[in-house]
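What follows is a set of notes on a single structure, which appears directly below.
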Amino acid sequence: MNNNREKSDQLFIHFFENIRCYSENFFEYYRMSVSSFDELLETLRPHIRKSITKFCIPICAEERLTITLRYLSTGTCFVALKFDFRVERSTIGIIVKDTCQALWTVLQPKEMPVLTMNDWQDISNVFYLKTNFPNCLGAIDGKHIRCKNPSNSGSLFFNYKKFFSVVLMAIADTNL
(Lines give C-alpha, C1' and ligand atoms only; values in the text may rest on other atoms or scores of the structure.)
Protein backbone atom coordinates (compact mmCIF):
# COMPACT_ATOMS: atom_id res chain seq x y z
CA MET A 1 0.00 0.00 0.00
CA ASN A 2 2.75 2.47 0.94
CA ASN A 3 4.54 1.63 -2.30
CA ASN A 4 1.46 2.68 -4.31
CA ARG A 5 1.23 5.88 -2.25
CA GLU A 6 4.90 6.66 -2.96
CA LYS A 7 4.35 6.16 -6.72
CA SER A 8 1.27 8.36 -6.61
CA ASP A 9 3.18 11.03 -4.68
CA GLN A 10 6.01 10.92 -7.22
CA LEU A 11 3.55 11.34 -10.10
CA PHE A 12 1.85 14.29 -8.42
CA ILE A 13 5.15 15.99 -7.48
CA HIS A 14 6.42 15.58 -11.04
CA PHE A 15 3.18 17.05 -12.42
CA PHE A 16 3.16 19.85 -9.85
CA GLU A 17 6.77 20.90 -10.46
CA ASN A 18 6.23 20.72 -14.23
CA ILE A 19 3.02 22.79 -14.38
CA ARG A 20 4.57 25.49 -12.15
CA CYS A 21 7.00 26.22 -15.01
CA TYR A 22 4.12 27.26 -17.28
CA SER A 23 2.17 30.06 -15.62
CA GLU A 24 -0.64 30.09 -18.21
CA ASN A 25 -1.21 26.35 -17.84
CA PHE A 26 -0.99 26.64 -14.08
CA PHE A 27 -3.62 29.38 -14.09
CA GLU A 28 -5.87 27.36 -16.38
CA TYR A 29 -5.61 24.26 -14.16
CA TYR A 30 -5.71 25.90 -10.71
CA ARG A 31 -7.75 29.00 -11.61
CA MET A 32 -5.16 31.14 -9.80
CA SER A 33 -1.59 32.29 -10.27
CA VAL A 34 1.42 30.41 -8.93
CA SER A 35 2.03 33.15 -6.36
CA SER A 36 -1.61 33.08 -5.19
CA PHE A 37 -1.46 29.30 -4.84
CA ASP A 38 1.81 29.52 -2.88
CA GLU A 39 0.37 32.17 -0.56
CA LEU A 40 -2.78 30.11 0.04
CA LEU A 41 -0.75 26.94 0.57
CA GLU A 42 1.55 28.55 3.13
CA THR A 43 -1.45 29.95 4.98
CA LEU A 44 -3.18 26.55 5.05
CA ARG A 45 -0.19 24.23 5.37
CA PRO A 46 -0.20 23.99 9.19
CA HIS A 47 -3.91 23.11 9.08
CA ILE A 48 -3.88 20.51 6.29
CA ARG A 49 -0.48 18.84 6.72
CA LYS A 50 -0.62 15.34 8.21
CA SER A 51 2.14 13.53 10.11
CA ILE A 52 4.01 10.52 8.79
CA THR A 53 3.34 7.42 10.85
CA LYS A 54 4.71 3.89 10.69
CA PHE A 55 1.34 2.87 9.23
CA CYS A 56 1.00 5.37 6.39
CA ILE A 57 2.61 8.08 4.34
CA PRO A 58 0.16 10.99 4.23
CA ILE A 59 -0.85 12.91 1.13
CA CYS A 60 1.19 16.12 0.98
CA ALA A 61 -0.39 19.54 1.58
CA GLU A 62 0.16 20.55 -2.07
CA GLU A 63 -1.85 17.57 -3.31
CA ARG A 64 -4.55 18.06 -0.68
CA LEU A 65 -5.04 21.66 -1.75
CA THR A 66 -4.92 20.68 -5.44
CA ILE A 67 -7.59 18.00 -4.99
CA THR A 68 -9.85 20.46 -3.17
CA LEU A 69 -9.34 23.26 -5.70
CA ARG A 70 -10.06 20.89 -8.61
CA TYR A 71 -13.23 19.72 -6.90
CA LEU A 72 -14.40 23.27 -6.14
CA SER A 73 -13.43 24.79 -9.49
CA THR A 74 -14.67 22.07 -11.82
CA GLY A 75 -17.48 20.50 -9.81
CA THR A 76 -16.25 17.09 -10.90
CA CYS A 77 -17.23 14.06 -8.84
CA PHE A 78 -14.98 12.23 -6.40
CA VAL A 79 -14.86 9.20 -8.72
CA ALA A 80 -13.25 11.26 -11.50
CA LEU A 81 -10.81 12.79 -9.02
CA LYS A 82 -9.98 9.28 -7.83
CA PHE A 83 -8.60 8.45 -11.26
CA ASP A 84 -6.90 11.83 -11.71
CA PHE A 85 -5.00 11.67 -8.42
CA ARG A 86 -4.88 7.91 -7.73
CA VAL A 87 -6.47 8.45 -4.34
CA GLU A 88 -9.48 6.51 -3.07
CA ARG A 89 -12.87 8.20 -3.33
CA SER A 90 -13.47 8.07 0.43
CA THR A 91 -10.07 9.67 1.05
CA ILE A 92 -10.88 12.43 -1.43
CA GLY A 93 -14.09 13.11 0.47
CA ILE A 94 -12.15 13.45 3.72
CA ILE A 95 -9.51 15.66 2.09
CA VAL A 96 -12.09 17.99 0.54
CA LYS A 97 -14.04 18.26 3.79
CA ASP A 98 -10.94 18.90 5.92
CA THR A 99 -9.41 21.38 3.47
CA CYS A 100 -12.66 23.31 3.07
CA GLN A 101 -12.94 23.49 6.86
CA ALA A 102 -9.36 24.79 7.04
CA LEU A 103 -10.10 27.34 4.29
CA TRP A 104 -13.08 28.63 6.25
CA THR A 105 -11.29 28.65 9.61
CA VAL A 106 -8.23 30.47 8.29
CA LEU A 107 -9.74 32.82 5.70
CA GLN A 108 -13.11 33.77 7.20
CA PRO A 109 -11.74 36.14 9.86
CA LYS A 110 -9.46 37.79 7.30
CA GLU A 111 -11.81 37.94 4.31
CA MET A 112 -15.16 38.30 6.10
CA PRO A 113 -14.50 40.20 9.33
CA VAL A 114 -17.35 41.08 11.66
CA LEU A 115 -18.44 44.60 10.76
CA THR A 116 -19.12 47.34 13.28
CA MET A 117 -21.85 49.98 13.11
CA ASN A 118 -19.25 52.44 11.72
CA ASP A 119 -18.31 49.97 8.96
CA TRP A 120 -21.97 49.64 7.93
CA GLN A 121 -22.39 53.42 7.92
CA ASP A 122 -19.24 53.87 5.81
CA ILE A 123 -20.55 51.35 3.27
CA SER A 124 -23.89 53.16 3.19
CA ASN A 125 -22.22 56.56 2.72
CA VAL A 126 -20.05 55.34 -0.16
CA PHE A 127 -23.08 53.71 -1.78
CA TYR A 128 -24.97 56.99 -1.50
CA LEU A 129 -22.08 58.98 -3.02
CA LYS A 130 -21.70 56.61 -5.99
CA THR A 131 -25.33 55.70 -6.69
CA ASN A 132 -27.46 58.31 -4.94
CA PHE A 133 -29.31 55.56 -3.02
CA PRO A 134 -29.57 56.43 0.68
CA ASN A 135 -29.24 53.74 3.40
CA CYS A 136 -28.15 51.08 0.91
CA LEU A 137 -25.58 48.40 1.74
CA GLY A 138 -25.54 46.43 -1.49
CA ALA A 139 -27.19 45.60 -4.77
CA ILE A 140 -28.71 42.20 -5.54
CA ASP A 141 -29.06 40.73 -8.99
CA GLY A 142 -29.63 37.34 -10.53
CA LYS A 143 -28.34 35.61 -13.64
CA HIS A 144 -29.42 32.43 -15.39
CA ILE A 145 -26.50 30.02 -15.68
CA ARG A 146 -27.10 27.56 -18.50
CA CYS A 147 -26.99 23.89 -17.43
CA LYS A 148 -27.97 20.44 -18.62
CA ASN A 149 -31.41 19.35 -17.55
CA PRO A 150 -30.93 17.36 -14.33
CA SER A 151 -32.45 13.89 -14.61
CA ASN A 152 -36.02 13.51 -13.39
CA SER A 153 -36.45 17.27 -12.94
CA GLY A 154 -39.08 17.75 -15.63
CA SER A 155 -39.45 21.44 -16.42
CA LEU A 156 -38.20 22.62 -13.02
CA PHE A 157 -34.96 24.06 -14.47
CA PHE A 158 -36.51 25.30 -17.73
CA ASN A 159 -36.74 29.11 -17.73
CA TYR A 160 -38.67 31.78 -19.63
CA LYS A 161 -35.65 32.28 -21.92
CA LYS A 162 -36.34 28.77 -23.27
CA PHE A 163 -33.27 26.93 -21.91
CA PHE A 164 -32.35 25.00 -18.79
CA SER A 165 -30.58 26.99 -16.10
CA VAL A 166 -29.95 27.58 -12.43
CA VAL A 167 -30.25 31.08 -11.03
CA LEU A 168 -27.17 32.63 -9.50
CA MET A 169 -28.03 35.38 -7.05
CA ALA A 170 -25.29 37.76 -5.94
CA ILE A 171 -24.95 40.81 -3.76
CA ALA A 172 -22.25 43.43 -4.22
CA ASP A 173 -21.21 46.64 -2.52
CA THR A 174 -20.03 49.72 -4.44
CA ASN A 175 -16.61 48.11 -4.99
CA LEU A 176 -18.25 45.03 -6.54
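The values are calculated or read from the model by the stated rules, or taken from the named source; none is laboratory data. Just so we're clear, the structure is a prediction, and the values are computed from it rather than from any experiment. Please note: Cβ atoms are built from the backbone with ideal geometry, for glycine as well, and neighbour counts cover all protein chains shown. Accessible surface areas use protein heavy atoms only, side chains included; no ligands, DNA or RNA. Shrake-Rupley method; radii C 1.70, N 1.55, O 1.52, S 1.80 Å.
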Problem set entry | Highest to lowest packing among 139-148, 85-94, 115-124, scored as the average C-beta count within 10 Å | 85-94, 115-124, 139-148
Seminar exercise, completed: So, for the Cα atoms of the stretch 75-127, Rg and Dmax in Å stand at 18.7, 53
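Compute the accessible area per residue over the chain, keeping the other protein chains in place, probe 1.4 Å, unit Å².
On the way: 12660 Å² over 176 residues.
Normalised by residue count, the accessible surface of the chain is 72 Å².
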Problem set entry | Reach of K162 by Cα under 16 Å, taken over lysines that are not fewer than 8 positions away in the same chain | K143, K148
Exercise. Taking every eigenvalue of the Cα gyration tensor of the stretch 36-158, multiplying by 5 and rooting it, what semi-axes result, largest first, whole Å?
Worked result: 37, 26, 10
Seminar exercise, completed: When every protein chain stays in place and a 1.4 Å probe is rolled, M32, M112 sorted by accessible area with the largest first are M112, M32
Exercise. If the cut-off is 25 Å between C-alpha atoms, which lysines fall inside it for K97, apart from same-chain ones fewer than 8 positions away?
Worked result: K7, K50, K54, K82, K110
Exercise. Once the Cα atoms of helix 117-131 and of the chain are each reduced to a long axis, what angle between those two axes, in degrees from 0 to 90 to the nearest 10, is obtained?
Worked result: 70 degrees
Problem set entry | Calculated over the stretch 99-176: convex hull of Cα atoms, volume per residue (Å³) | 157 Å³
Seminar exercise, completed: Longest principal axis of the chain (C-alpha) makes with the long axis of helix 61-74 (C-alpha) an angle, in degrees to the nearest 10, of 50 degrees
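Compare L137, L156, L41 by solvent-accessible area with a 1.4 Å probe and give them largest first, with all protein chains kept in place. Can you show the working numbers first?
On the way: L137 80, L156 135, L41 5 Å².
Reading off the accessible areas and sorting them downward yields L156, L137, L41.
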For this session: Once you have the Cα-Cα distance between F27 and T105, take 0.36 nm times their residue separation minus that, and quote the gain in nm to one decimal.
Result: 25.6 nm
Exercise. Carbon and sulfur together cover what percent of the accessible area of the chain at a 1.4 Å probe radius?
Worked result: 57 percent
For this session: Based on the mean of other Cβ atoms within 10 Å per residue, sort peptides 168-176, 45-53 so the most packed one is first.
Result: 45-53, 168-176
